Amino acid sequence: MDASIQITLPPVSSLSSSTLSFLNSEQDLSRARSYIDELQSQCFDLDRTLIDLNSRLHSTLLSYASFSDGIHLLFDDATSKLTDLRSFTCPPPLSSSLSPSDGQGRKEEILGEALPALAKEVARVETVRVYAETALKLDTLVGDIEDAVSSTMNRKLRKHSSTQSVEEMRLLAIERLGHSEDVLISVTETHPQWTSLVSAVDHRIDRALATLRPQAIADHRSLLGSLGWPPPLSTLTSSNLDAGKSAEVSNPLFTMQGLLKQQYCENFLALCHLQELQWRRKSRQLEGHNRKVALQQPLWAIEELVNPISIACQRHFSKWIDKPEFVFALVYKITRDYVDTMDELLQPLVDEARLVGYSCREEWISAMVTSLITYLAKEIFPKYVAELDGESVNGVQSKARFSWLHLVDLMIAFDKQIQSLVTHSGISLSLQDDGNLQKISSLSVFCDQPDWLDIWAEIELNDTLEKLKPEVDDERNWTAKIEGALLSGFESYKSPAVSSAFVRRLLLVVDRCRSLPNTFLRSRFLKMAGGSITQRYLDCLLLRCQEAEGLTALTDDNGLIKVANSVNAAHYFESVLKEWCEDTFFLELGFDHSEQLGIGINDISGLEGRIDGPVGCVFDEEIKKLENFRKEWVERISVAVLRGFDARCREYMKNRRQWQEKGEESWTISKNLVGALDYLQGKMAVAEENLNRIDFVGAWRSLAAGVDHLLFNGLLMSMVKFHDAGVERLNCDMEILFGVFRAWCLRPEAFFPKTSDGLKLLTMREEQLRDTISGGGKRMKENGIIHLNVAEAEKIQNKRVFMS
């Protein structure tokens, strides 16, 4: 050491006891060099930080000075203009050259031009002042944020940093972020034109958040590791999961104590505050857009709890690739065991952070379900799809189909368990809301993979049809009737038992459809599986009807009964679908299906005339097909009976002489008509016994219209002359014919309009008939002839022969 350097040591009496102890310790003296190096390093860091702060202070002062000079110039300009205004408004000195009219004009010029210009300039100065103050305030806040973030990072890089100091600096940065967001919201509302200022501040804050959030998350993960999270899963095995029990594992969140618990809670709060701040920023930035979708984010702190558990579970999942029931059991057990912790420990912290609309229980359940969905989408479903493709090449798909249906059963059962956790928790979550249901449903895996939904619908359809095949092939199910009604309000449709089997199977498909988390998936699944089942049912009915018609043309009673049973089955199934469609569940699916087809809400009313039932039902197309089917085959029954009636009354129609001679007194009906009426009455008795009441009404009315057309064209419009005795005979024959139909209505002649009107004309006196025809249509209507035109009436008049 150089002798010129004088070192003055303090007296021993002025040293503290700890310092003396340090100096007297040889061990501490041996470590003095490392202490000196560390202190020099910290001094260097502090010097560098001080230089940065001085530089920032210098630039801030320069900026402030620039703003201040600008404002001073504006105020000087305003002062000068106020002085000019004062000189204008002060009365000028008396002068012989200035007239009163000139002074008045000068005053009007000042009031009309100078004052508005001055007011506009003052407003501009005020706006500039507010802008300058706001910009300076935001610059100060953002500077504080950047300093806090920088300081936090510097402290984290040091070996012996104070964790408490890091949390304090982070909370300071979050507090300044909140204040800056308040200012930005105010600027957006009061001065929306200041977009450049807002954009510049947002850019600087985004850079600060890009550092702050990852750092907070990293600290949170470190604290979770210190707590022993995730809890060990090694005690959970396939055997005890299958038995529904496992060894009790302590909850690290409940067992943490002291400083560790305080640090975790502070870090949890910091994450929540950051997320609340991020929500406010996004809400401001997305003003006027669809904010609801963009702002729906999971709770960050809960995600950090679930992610390590999900990673730990993967090791168990890999061993259970062929036993998915263990996967669902493990996920459900973890979800259930720790769900109460969310309510009791973490929910108060979320409430303190003012994160509106977040439930820790709901977020925990949702995050666990999401981790399960991710595993299913990456590992399980691709494997099952590959198995299906492989078996389709060999032509056998039984094993892969069974595995797929078993997996779906597990998913539906798991979702019911999860929904039970939610509904019994007391939180206000509407499971009818598709958004909420999608968050807690494992079936949400189909939202991103609709082709997997199509595969499931096809497998479900094939499985249902295979189970229905024995019941369809059993002829007894086509002859035995349903005992009573399956659904309330149904009359007796005399439907065969096979229709009940189809309804039950379709109802099972609908129940499985209800488990899907949104209306789009439900509608798509039900149209593919449920609609195809209905089409298969209709194909079976059509095949039986075609077989009956092809064998006997419906001339024998067995064929007619077979068709009647098919019509009853179609009408029963149609009525079931219509009653289902009155339920809001099916109406929602129908509206969603209409949107897929491009039919707007305003266009839905246009379907009302085409579909006899609830508008907008998902089964509208199937209902229409069933309705057309039964109407077609009811008409064919009527045509078959009419064809037989026509064949048996041809002699009656060809015998022209009978209308010109008097009949036998002992007969009240023509002999040639007896067989035809007996055939008609017998066939309609069979139809009445086997057809349901509604379709039988349609059958006899269609038959009456056909008989009316046959008699009118074959008899009244034919080359025949009616004498008085013939008219009497015809009147008696028609009364007997009407009597057959009187069993089903009070005025059967109303269903034979042309024949009845023609008979009225024939029974008129000669003068009345001539007067009615000559009076035209008006006179005919006055005499009750409303279904014939004048030409037809004249033809009937020409066929009437009056005996004088």
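The values are calculated or read from the model by the stated rules, or taken from the named source; none is laboratory data. Keep in mind that this is a model prediction, so the values were computed, not measured. Cβ sites come from the backbone with ideal geometry, for glycine too, and all protein chains shown count toward neighbours. The protein model used for the area step is the full one, side chains on, heavy atoms only, and it has no ligands, DNA or RNA in it. Shrake-Rupley method; radii C 1.70, N 1.55, O 1.52, S 1.80 Å.
Listed here are the residues, each with its yes/no results for (1) modelled with pLDDT under 95; (2) closer than 30 Å to Ile440 by Cβ; (3) not in a helix (DSSP H, G or I).
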| residue | (1), (2), (3) |
| --- | --- |
| Ser500 | yes, no, no |
| Arg512 | yes, yes, no |
| Phe520 | yes, yes, no |
| Leu526 | yes, yes, no |
| Gly530 | yes, yes, no |
| Ile533 | no, yes, no |
| Asp539 | no, no, no |
| Gln546 | yes, no, no |
Practice task
Determine whether region 259-274 contains at least one residue that is over 24 Å from Tyr338 (Cα atoms) and at pLDDT 85 or above.
Solution key: yes
Practice task
Of all residues in region 344-357, count the ones that are of a type outside the set (A, V, I, L, M) and either within 28 Å of the chain's Cα centre (by Cα) or open to solvent by less than 50 Å² (accessible area, probe 1.4 Å) (or both).
Solution key: 2
Practice task
Go through region 494-553 and give me each residue that's among the small types (Gly, Ala, Ser) and in contact (Cβ under 8 Å) with a residue 40 or more places away in the chain.
Solution key: Ser495, Ser499, Ser515, Ser523, Ala529, Gly530, Gly531, Ser532, Ala553
Practice task
Check Glu175 against each of (1) more than 17 Å from Ser151 (Cβ to Cβ); (2) part of a helix (DSSP H, G or I); (3) open to solvent by 70 Å² or more (accessible area, probe 1.4 Å) and name the one condition it does not meet.
Solution key: (1)
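Residues Ala685, Ala705, Ala699: which one is loosely packed, with under 14 Cβ neighbours inside 10 Å, under 60 Å from the mean Cα position of the chain (by Cα) and either modelled with pLDDT under 95 or part of a helix (DSSP H, G or I) (or both)?
Working: Ala705 fails: loosely packed, with under 14 Cβ neighbours inside 10 Å; Ala699 fails: loosely packed, with under 14 Cβ neighbours inside 10 Å.
So the residue among Ala685, Ala705, Ala699 that is loosely packed, with under 14 Cβ neighbours inside 10 Å, under 60 Å from the mean Cα position of the chain (by Cα) and either modelled with pLDDT under 95 or part of a helix (DSSP H, G or I) (or both) is Ala685.
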Exercise for the section: Kindly indicate whether Gln263 is more than 30 Å from Val201 (Cβ to Cβ) and in contact with a Leu (Cβ under 7 Å, 6 or more places away or on another chain). Expected result: yes
Handout entry: First in region 302-319 and touching a residue at least 60 places away in the same chain (Cβ under 8 Å), second anywhere and among the small types (Gly, Ala, Ser), Cβ under 7 Å, 6 or more apart
Key = Ile302/Ala367; Glu303/Ala367; Val306/Ala367; Val306/Ser371; Ser310/Ser371
Handout entry: In region 138-158, the residues that are at pLDDT below 80 and not hydrophobic (A, V, I, L, M, F, W, C)
Key = Ser151, Thr152, Asn154, Arg155, Lys156, Arg158
Practice task
Considering (1) over 19 Å from Glu303 (Cβ atoms); (2) open to solvent by 10 Å² or more (accessible area, probe 1.4 Å), say which one Phe381 fails and leave the rest.
Solution key: (2)
Handout entry: Those residues of region 363-382 which are more than 15 Å from Ser444 (Cβ to Cβ) and in contact (Cβ under 8 Å) with a residue 40 or more places away in the chain, in sequence order
Key = Glu363, Trp364, Glu379
Exercise for the section: Go through Phe573, Phe525 for me and flag whichever is aromatic (Phe, Trp, Tyr), open to solvent by less than 40 Å² (accessible area, probe 1.4 Å) and within 19 Å of the chain's Cα centre (by Cα). Expected result: Phe525
Practice task
Would you mind stating whether Ser756 is open to solvent by less than 30 Å² (accessible area, probe 1.4 Å) and hydroxyl-bearing (Ser, Thr, Tyr)?
Solution key: yes
Practice task
Could you figure out which of (1) in a helix (DSSP H, G or I); (2) open to solvent by 60 Å² or more (accessible area, probe 1.4 Å) isn't true of His220?
Solution key: (2)
